[in-house]
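The values are calculated or read from the model by the stated rules, or taken from the named source; none is laboratory data. Source: prediction; values computed, not measured. Cβ coordinates were reconstructed from backbone atoms using ideal geometry, including for glycine residues, and neighbour counts include every protein chain displayed.
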Amino acid sequence: MFILAIETSGPRGGVALADDDEVLGEESFEEGMVHGRALVPAMDRLVRKAGITPKDLGLVAVDVGPGSYTGVRVGVAAARMLAFAIRCPVAPIMSTDVLAENAEDLEDFVCPILDARWDQVYAAAYRRDWVWLRTEGPGAYAPAELAARLAPETTVFGSGVEKYPGVFAKFAHGPADWCVPKGSVVARLGWQALQAGAATDANSLHPMYLRPTEAEVKFGVVETPPPPGC
């Protein structure tokens with residue numbers, strides 16, 4: 001089955017094409033939130049290079065967040081449009097799951113931590129049991145609250161660690177390249193989601209927003225950000 005994967009939750013997005021769990025091709029965008037103009041041409045190039053058409057796709061996998069609200073909206077909108085047009089299922093994949101897969105050499109605990117602004121971070125914690133099992137989150141946390149929840153053996157990484165180095169100083173830190181979510185990982189997790197019966201239809205696909213947007217707060221839709229840990 002051909003799987004098209006979309007990753008737009010971070011500052012550098014990308015797409016990948018797989019046949020079941022075999023990656024056929026992958027493209028990464030320039031850094032700087034160019035997802036809106038780069039996504040569709042990259043999707044088209046991957047499909048054409050593989051010698052197939054969009055109608056040959058059996059699944060669209062997409063990173064639904066948490067992450068950049070704008071980036072996530074771009075990816076989810078494209079995934080919904082494509083899946084609806086060709087009548088195929090979609091697999092919603094969480095960005096923290098994608099990032100955790102970068103820590104493939106670890107054998108204990110890991111926690112991707114993203115800067116969420118408003119003095120908060122987005123995060124989820126995982127422990128290794130052959131695969132990464134989520135034990136906490138995803139959620140929006142005050143940095144100190146998250147640090148208090150994590151096992152001492154946890155390895156942390158991500159833009160949230162870079163912003164609050166003192167808060168997470170007691171933990172081991174993962175390398176910088178773990179901080180980049182990959183389209184190929186979205187494709188692999190999408191295949192696993194399909195096998196597990198976790199795929200859905202285009203109309204049921206939505207971004208993962210863990211709190212209101214800044215625009216909602218600014219224009220009075222909500223008065224304040226929700227409390228940390230929600």
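Within the range 187-227, being of a type in the set (Asp, Glu) and at pLDDT 95 or above holds for one residue alone: ASP201.
What tally of residues in the range 82-100 results from selecting those that are more than 11 Å from the chain's Cα centre (by Cα) and under 20 Å from VAL72 (Cβ atoms)?
Filtering the range 82-100 for residues more than 11 Å from the chain's Cα centre (by Cα) gives 82-91.
Pick out the ones that are also under 20 Å from VAL72 (Cβ atoms) and you get 82-84, 89-91.
Total satisfying the criteria: 6.
Look at (1) more than 18 Å from CYS179 (Cβ to Cβ); (2) within 14 Å of the chain's Cα centre (by Cα) and you find that ILE113 fails only one, number (1).
Could you check SER159 against (1) under 24 Å from GLY14 (Cα atoms); (2) among the hydroxyl-bearing types (Ser, Thr, Tyr); (3) crowded, with 19+ Cβ neighbours inside 10 Å and say which number it fails? Here SER159 meets the rest and fails (3). If the condition is being surrounded by 15 or more Cβ atoms within 10 Å (Cβ to Cβ) and assigned to a loop (DSSP other than H, G, I, E, B), then the range 162-208 contributes TYR164, VAL167, PHE168, PHE171, GLY174, VAL180, PRO181, LYS182, ALA199, LEU205, PRO207, MET208.
So in the range 180-195, with the set limited to residues that are within 11 Å of the chain's Cα centre (by Cα) and not small (Gly, Ala, Ser), which one is nearest to PRO165 (Cα to Cα)?
Quick first cut of the range 180-195, residues within 11 Å of the chain's Cα centre (by Cα) only: 180-183, 185-186, 189.
Retained after the next criterion (residues that are not small (Gly, Ala, Ser)): 180-182, 185-186, 189.
On the way: VAL180: 19, PRO181: 21, LYS182: 24, VAL185: 27, VAL186: 28, LEU189: 30 Å.
So the residue we want is VAL180.
One residue is enough: does the range 22-39 have a residue meeting the conditions in a strand (DSSP E or B), more than 30 Å from ILE113 (Cβ to Cβ) and charged (D, E, K, R)? Write out each step before concluding.
At the first step, the residues of the range 22-39 found to be in a strand (DSSP E or B) are 22-28.
Right, trim to more than 30 Å from ILE113 (Cβ to Cβ) and you get 22, 24-25.
Then keep just the ones that are charged (D, E, K, R); that gives 22.
Checked against the condition, which is being in a strand (DSSP E or B), more than 30 Å from ILE113 (Cβ to Cβ) and charged (D, E, K, R), the range 22-39 yields at least one hit.
Show the residue pairs meeting these rules: Cβ distance below 6 Å; 6+ apart or different chains; first residue within the range 1-30 and in contact (Cβ under 8 Å) with a residue 24 or more places away in the chain; second residue among the small types (Gly, Ala, Ser) and assigned to a loop (DSSP other than H, G, I, E, B). Here the result reads GLU7/GLY13; SER9/GLY67; GLY10/GLY67; LEU17/ALA50; LEU24/ALA50, each pair linking the range 1-30 to a residue that is among the small types (Gly, Ala, Ser) and assigned to a loop (DSSP other than H, G, I, E, B).
Only one of the listed residues (VAL121, VAL186, VAL110) is assigned by TED's automatic domain parsing to the domain that holds ARG80 and not basic (Lys, Arg). That residue is VAL186.
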